[in-house]
Amino acid sequence: MSDLKRGLSEAVAAAFAAAGLPAELGRVTPSDRPDLADFQCNGALPAAKVARRDPREIAAEVVAHLASDPRLGSVETAGLGFINIRVSAEALAQRAAEIAADPRLGAGVVETPRKVLVDYGGPNVAKPMHVGHLRSSIIGESVKRIYRFRGDEVVGDAHFGDWGYQMGLLIGAVMDEHPDIGEQVEALNAGGPAADDVETAEALFEKVGLADLDRLYPEAAARGKADADYRDRARKLTAALQDRTPGYFLLWRHFAKVTRVALERDFHALGVDFDLWKGESDVEDLIEPMVAELDAKGLLVDDQGARIVRVARQGDKRELPPLLVVSSEGSAMYGTTDLATILDRKESFGPDHVLYVVDQRQADHFEIVFRAAYLAGYAVEGALEHVGFGTMNGTDGKPFKTREGGVLKLNDMIVMTRDKARERLHEAGLGAELDPAAFEDTAHRVAVAALKFADLQNFRGTSYVFDLDRFSSFEGKTGPYLLYQAVRIKSVLRKAADEGAAGGEIVVSEAAERDLVLLLDAFDQALADAYDKKAPNFVAEHAYKLAQAFSKFYAACPILSASPELKASRLALAQTTLRQLEAALDLLGIEAPERM
Ligand code: ARG
């Protein structure tokens, strides 16, 4: 089974070949002028150059060859040698029936499935998430789903930031604030009488909750910036933690646990769920042998007490800094854990490809780490890819901050958007018949759709401005608009079912029906583009166009009041549209409610 475009390309290619011209020039694309044609082929122009002939003559010859193809309603030459194609109603109906019968809604799979790891989300212990984490979560989740749907074996990993300098800052701050915890930790460190008493210590740590970490971290971070001694202590604490000093280690485990529980809850509310929740700390055991190996391979260089790998290449446009493997305090750095994680993933999963869905601002970091990995033979050149993205900005053009000027907390963001969604539903007179629990559920889905679609409709490299009023509107190119259309189809189908009507054979006669089927047919191409470019906006665009096409179809083609045959056909079209729309939304990580 293939989409219309591919089938037509084959037919036109055969016509080119029959005329003694390069077959590959017979490629068709969706028409630039939908009022004139469904598809077009521009190949006669380059073919004319090759054959030193008049392009119009070539186009005419190809058209003559195609004239008897039953799939074509019409095929004509235009202008300087363009070929315009309209698909026949029968061919459209047949393709629609194929899509309707297909559990994959007309979408193909990759030829050779690969193992792909998607590294996304990347939240940190205690450090609040910023817009980069939000975008990474939304885009990464979608990329993961798109890759999986196309047939790859895909694993998503949160790569939890739990092993850096912020850990030393927090350990110090908590011990300062709670002398009893401080004592307990020191006793454990010293291996004294309390050393066995892990349970007592853990019970004592329970009084430090997420709110405390949220409060203490920014204070400690600010103090670390201003006060060299304080910073020095935090660095030493970090190094001691990484050496697994027992008291620090136990306290750190508590931080990681409380943060992770809250983060997973917030991510889940946003429809973001990781297959793996590995932390930077998980590769700690690999670091020492890795450093030894890098050394043995002659890749490590001493640099003022630190140990680095030089990754600059001849021909680089600007000088790329080296990878800092061991700091002068002896700590593992951000890039060190990333390098060790590449090794870890190679051994545990063996990915053919790793996608790092991370803020564009980290582009250099990844280039440096990837080069070091290739040098060390930890990955095949090209197997590691940074999938960068721009920022979500405030109206001031700077990365979005809350009204109080702080970085956003995911949960606050969801709450704020849900409030807005409720307001919008009331305004539009929607959801009035729902019971309170169903209304809440609908408001939540509208909120998630608003946030995610606003992000995913842009090519990921583009920055955009956070504008909740626009994102949450039921009109325009928004998530709520898409949900509204999906719910509208559901309601038509419910009414039909109540009347005992069901879908049947699809016939395509009205222009709006043609357009709808052509869009259903374009799903596969949208997915292929999204996959190749790691860009969910192609799927978002498809979902939007499909919803619009349905809306036009619904206005032009009565369903429930039509004759029995037409009703059956249009119900089948509506049902298939809904299934494909929901499939596309699912790939964006968005779910439509049953009613609103
Ligand atoms: N935790 C990092 C940060 O907040 C993001 C992690 C991205 N993934 C990676 N493998 N480095 O910046």
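If you check ALA363, ALA373 for being buried (at least 18 other Cβ atoms within 10 Å of the Cβ) and touching a strand residue (DSSP E or B) at 6+ places or on another chain (Cβ under 9 Å), only one passes: ALA373.
Screening the range 275-304 for residues that are over 34 Å from the mean Cα position of the chain (by Cα) and touching a residue at least 24 places away in the same chain (Cβ under 8 Å) and picking the one that is farthest from the ligand (Cβ to nearest atom) gives GLN304.
Tell me, please, whether a residue that is touching a residue at least 24 places away in the same chain (Cβ under 8 Å), surrounded by 15 or more Cβ atoms within 10 Å (Cβ to Cβ) and closer than 16 Å to ALA91 by Cα can be found in the range 51-66. So far as the range 51-66 goes, yes, one or more of its residues are touching a residue at least 24 places away in the same chain (Cβ under 8 Å), surrounded by 15 or more Cβ atoms within 10 Å (Cβ to Cβ) and closer than 16 Å to ALA91 by Cα.
If you take just the helices (runs of 4 or more DSSP H) that sit entirely in the range 331-427, which of them hold at least 3 residues that are within 13 Å of the ligand (Cβ to nearest atom)? Don't jump to the end; show me each part of the working.
On the way: elements: 334-348, 363-376, 410-427.
Where helices (runs of 4 or more DSSP H) fall fully within the range 331-427 and carry at least 3 residues being within 13 Å of the ligand (Cβ to nearest atom), they are 334-348, 363-376.
Residues of the range 136-150 that are surrounded by fewer than 23 Cβ atoms within 10 Å (Cβ to Cβ) and in contact with an Asp or Glu (Cβ under 9 Å, 6 or more places away or on another chain): ARG145, PHE149.
Residue count for the range 12-39, restricted to those that are surrounded by fewer than 20 Cβ atoms within 10 Å (Cβ to Cβ) and within 39 Å of the chain's Cα centre (by Cα): 13.
Would you pick out the residues in the range 126-179 that are of a type outside the set (Phe, Trp, Tyr), part of a loop (DSSP other than H, G, I, E, B) and within 12 Å of the ligand (Cβ to nearest atom)? I'd like the intermediate steps shown before the answer.
Looking only at the range 126-179, we keep the residues that are of a type outside the set (Phe, Trp, Tyr), and these are 126-146, 148, 150-159, 161-162, 164, 166-179.
From the residues that got through so far, the ones that are part of a loop (DSSP other than H, G, I, E, B) too are 126-130, 150-152, 158-159, 162, 164, 178.
Passing the criteria: ALA126, LYS127, PRO128, MET129, HIS130, ALA158, HIS159, ASP162, GLY164.
For first residues located in the range 91-120 and within 16 Å of the ligand (Cβ to nearest atom), partners that are among the acidic types (Asp, Glu) and not in a strand (DSSP E or B) and lie 6+ apart or on another chain with Cβ distances below 8 Å form the pairs VAL116/ASP152; VAL116/ASP352; TYR120/GLU141. Residues that are of a type in the set (Asp, Glu), assigned to a helix (DSSP H, G or I) and surrounded by 14 or more Cβ atoms within 10 Å (Cβ to Cβ) within the range 187-237 comprise GLU202, ASP212, ASP214, listed in sequence order.
Where residues in the range 100-125 are of a type in the set (A, V, I, L, M) and touching a Ser or Thr at 6+ places or on another chain (Cβ under 6 Å), which of them is surrounded by the most Cβ atoms within 10 Å (Cβ to Cβ)?
Within the range 100-125, the first condition is being of a type in the set (A, V, I, L, M), and the residues that meet it are 100-101, 105, 107, 109-110, 116-118, 125.
Pick out the ones that are also touching a Ser or Thr at 6+ places or on another chain (Cβ under 6 Å) and you get 100, 125.
Numbers: ALA100: 20, VAL125: 25.
Looking at the filtered set, the residue picked out is VAL125.
Within the range 63-92, the set of residues being over 15 Å from PHE39 (Cα atoms) and part of a helix (DSSP H, G or I) comprises ALA64, HIS65, GLU90.
Could you say whether any residue in the range 294-304 is over 26 Å from LYS236 (Cα atoms) and crowded, with 21+ Cβ neighbours inside 10 Å?
Step one: of the range 294-304, the residues over 26 Å from LYS236 (Cα atoms) are 296-299.
From what is left, the residues that are crowded, with 21+ Cβ neighbours inside 10 Å are none.
Within the range 294-304 (the criterion being over 26 Å from LYS236 (Cα atoms) and crowded, with 21+ Cβ neighbours inside 10 Å), the answer is no, since none of the residues qualifies.
Cβ-Cβ contacts under 7 Å between residues 6 or more apart (or on different chains), taken from a first residue in the range 355-376 that is closer than 15 Å to MET290 by Cβ to a second residue that is of a type in the set (Gly, Ala, Ser) and within 11 Å of the ligand (Cβ to nearest atom), are listed as VAL369/GLY335. Of all residue pairs spaced 6 or more apart or on separate chains, those with beta-carbon atoms under 6 Å, a first member in the range 258-274 that is buried (at least 17 other Cβ atoms within 10 Å of the Cβ) and a second member that is of a type outside the set (A, V, I, L, M) are LEU263/PRO123; ASP266/ASN411; GLY271/GLY589; VAL272/SER137; VAL272/GLU141; PHE274/GLY156.
Taking the criterion of being at pLDDT 90 or above and within 12 Å of the ligand (Cβ to nearest atom), would at least one residue in the range 180-197 satisfy it? No, the range 180-197 contains no residue that is at pLDDT 90 or above and within 12 Å of the ligand (Cβ to nearest atom).
Take the conditions (1) within 14 Å of the ligand (Cβ to nearest atom); (2) in a helix (DSSP H, G or I); ALA443 misses just one of them, which is (1).
The values are calculated or read from the model by the stated rules, or taken from the named source; none is laboratory data. Not measured: the values here are computed from a predicted model. Neighbour counts run over all protein chains shown; Cβ positions are idealised from the backbone, glycine included.
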